[in-house]
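Data block below; observations after.
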Amino acid sequence: MHMLASAGIESEAQLRELGAVAAYAAVQRAGFKPSLNLLWAIEGALSNRHWQDVAHDDRLDLLLALDHFLGHTN
């Protein structure tokens with residue numbers, strides 16, 4: 001995927017090492033404005049699930065992890 005490669009993620013091994021949240025954040029830092037569907041899709045690819053299943057089942061956990069990763073506080 002072009003966005004991942006532009007963020008310096010060029011292999012499945014790199015993607016697995018980073019995980020979905022860090023990979024999504026790397027895409028943002030690379031200057032893209034990805035929708036959350038990318039986060040669901042990355043997690044789906046890593047866990048061998050359809051992105052819609054991820055969005056339904058893991059949405060809150062992933063959003064909280066992203067918020068924590070980015071250093072946002074409420």
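Computed from the coordinates by the stated procedures, all read-outs in this text should not be read as laboratory data. The shown structure was predicted, so the numbers you read here are calculated from the model rather than taken from an experiment. With ideal geometry, Cβ positions are generated from the backbone for all residues, glycine too; neighbour counts draw on all protein chains shown.
Within segment 1-15, being surrounded by 11 or more Cβ atoms within 10 Å (Cβ to Cβ) and of a type in the set (S, T, Y) holds for one residue alone: S6. Residue count for segment 24-46 satisfying the condition of being farther than 20 Å from H56 by Cα and either crowded, with 19+ Cβ neighbours inside 10 Å or not basic (K, R) (or both): 7. Of the residues making up segment 19-55, those that are in contact (Cβ under 8 Å) with a residue 12 or more places away in the chain, in a helix (DSSP H, G or I) and under 15 Å from L70 (Cα atoms) number 12. Select from segment 54-66 the residues that are more than 11 Å from the chain's Cα centre (by Cα) and either over 12 Å from L36 (Cβ atoms) or loosely packed, with under 12 Cβ neighbours inside 10 Å (or both) and list them in ascending order. Hits for segment 54-66 are H56, D57, L60, D61, L64.
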